[in-house]
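Rule-based calculations on the coordinates, nothing more; no lab input. Computed from a prediction, not measured in an experiment: that's the story for all the values here. Cβ: placed from backbone, ideal geometry, glycine included. Neighbour counts: every protein chain shown.
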Amino acid sequence: MGVPCHVGIIMDGNGRWAKKRLLPRLAGHRAGMQRMLALVEHAFLCGIKNITVFALSCENLSRPQSELDGLFDLFREYFSTQMENLAQKGIRLRVIGDRALIPSDIADLIGAGEARTAAGDKATLAIAIGYGGRQDIVAACNRAVREQREMTVESFSETLSTGGMPALDLLIRTGDEKRISNFLLFEAAYAELIFSAKMFPDFTDQDFDEALKDYSARDRRFGRIRRQSD
Ligand code: FPP
């Protein structure tokens, strides 16, 4: 099996990374953002065409306002400095999630970033912010009801916020937890799952390569039986 078409990453463990170093939680998120920048670049160089990273869930929005404000500042920094870089590399940005849940100036920066990178045809980077898999499924159902459309699995996939992206092949979660936490629930139906004990800022490019190696050794049967020749 070759490289996965679509990799999702749950970037967990920033807070514990910081705590271990007696640093404020926000230092962990900043280290996480820096790791994300380099890791995404590395993943695209590995030939991955679609990456979705989980930056903020709907449920994370109940965290203390001071932590949210710090995360929002990181998003402002990212969306105002990195769009040209993505555009130059032919990477299209998509941000999935409910923009009504985040400050409007960030929603504006996101809109500008998506417009600036819209012509990117080499790869897609989706960032989930104010996102929940269940909420996304319910929104897609409501849309179908409003439009009085009967759905197939394929048309429903297209109605989700990841519409146009392939189903998830590989889901990596760092932070030593083994759960999906409301990330890409529909899209991950047949994803291979890899859980790393490392905190996200410590998850290296080599760890990512190991995950790809593990993925490529797996027997993905999608509910079918093993090939006769095996
Ligand atoms: C989960 O770790 C991580 C988050 C809720 C935030 C992830 C955000 C980043 C990596 C920055 C991304 C930046 C951009 C621009 C997309 P946690 O805080 O739950 O860690 P813990 O479980 O150790 O407390």
In terms of the Cα gyration tensor, with a ≥ b ≥ c the square roots of its eigenvalues, is segment 1-142 rounded because a/c is under 1.5, prolate because a/b exceeds b/c, or oblate? rounded
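Roughly how big is segment 123-211's charge dipole about its Cα centre, with Cβ charges of +1 (Lys, Arg) and -1 (Asp, Glu), in debye to the nearest 20?
Working: 8 positive and 15 negative charges, 111 e Å.
For this selection, approximately 540 debye.
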With springs only between Cα atoms under 10 Å, which of PHE75, PHE156, PHE200 fluctuates most in a Gaussian network model of the chain? PHE156
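In the chain, what percentage of the DSSP-assigned beta bridges are antiparallel, given to the nearest 5?
On the way: 0 of 26 bridges.
Counting only bridges with both partners in the chain, antiparallel ones make up about 0 percent.
What number, in percent, do you get for the relative contact order of segment 22-160 if the mean sequence gap of Cα pairs under 8 Å and at least 6 apart is divided by its residue count? Before the final figure, lay out the partial values.
Details: 146 pairs, mean separation 41.7, N = 139.
Relative contact order, segment 22-160: 30 percent.
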If one builds a Gaussian network model of the chain from Cα atoms under 10 Å apart, the most fluctuating residue listed among SER66, SER161, SER80 is SER66
